[in-house]
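Notes follow once the structure below has been shown.
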């Protein structure tokens with residue numbers, strides 16, 4: 001696992017027909033459902049994945065990044081669709097971004113989407129799994145409209161896991177940014193602070209003696 005910047009993308013539930021093509025490393029994974037065409041952009045040395053080109057009937061400009069702090073226990077992922085232009089015959093485009101492994105984590109997560117600036121609603125989801133692009137558990141999912149949507153919040157408790165973001169695009173979309181973040185659980189933080197303060201108190205008693 002990288003502990004600075006990471007990125008990835010995947011398609012699983014809706015991609016049984018191309019399951020063998022699902023990547024096994026971090027990066028962007030795009031699928032044009034009308035033609036079955038796929039594209040994968042792996043992370044570069046800085047953990048940033050970008051794709052600017054054509055996938056089936058779609059022409060797209062997409063980037064993805066991720067960061068981890070506290071040794072991988074507090075990940076943050078970002079999926080930015082600058083534009084996805086549908087050509088003749090285009091129906092939907094599946095955009096996936098996956099990364100890991102993360103953990104251990106005991107925190108609250110938030111999934112939020114800004115946009116689309118133009119185009120119809122977009123469906124955004126976040127998944128937790130045991131490998132890149134796996135969708136074992138749906139953390140949050142919603143249909144988003146301009147300008148801003150909080151897709152969902154909740155607890156995230158796991159010793160080791162991978163995360164996958166999905167943007168399901170119908171037709172042409174412009175300027176969609178999806179962000180997943182984690183915040184350390186308040187109870188756990190207070191417990192750690194209490195333990196630290198107790199340790200300081202014991203040291204003071206020891207030196208005083």
Determine if region 31-50 includes at least one residue that is at pLDDT 90 or above, farther than 24 Å from residue 131 by Cβ and crowded, with 22+ Cβ neighbours inside 10 Å. no
Say we look at region 66-97 and pick out the residues that are more than 15 Å from the chain's Cα centre (by Cα) and buried (at least 24 other Cβ atoms within 10 Å of the Cβ); which of these is nearest to residue 161 (Cα to Cα)? 93
Within region 152-176, take every residue that is buried (at least 18 other Cβ atoms within 10 Å of the Cβ) and farther than 19 Å from residue 74 by Cα and give me the one that is farthest from the chain's Cα centre (by Cα). 172
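Condition check: surrounded by fewer than 19 Cβ atoms within 10 Å (Cβ to Cβ) and at positive phi. Does residue 100 satisfy that?
Working: surrounded by fewer than 19 Cβ atoms within 10 Å (Cβ to Cβ): no; at positive phi: yes.
No: the conditions fail for residue 100.
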Restricting region 103-120 to residues that are buried (at least 17 other Cβ atoms within 10 Å of the Cβ) and closer than 24 Å to residue 86 by Cβ, the residue that is modelled with the highest pLDDT: 113
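The values are calculated or read from the model by the stated rules, or taken from the named source; none is laboratory data. Not measured: the values here are computed from a predicted model. Counting neighbours? That spans all protein chains shown, and the Cβs are built from the backbone with ideal geometry, glycine included.
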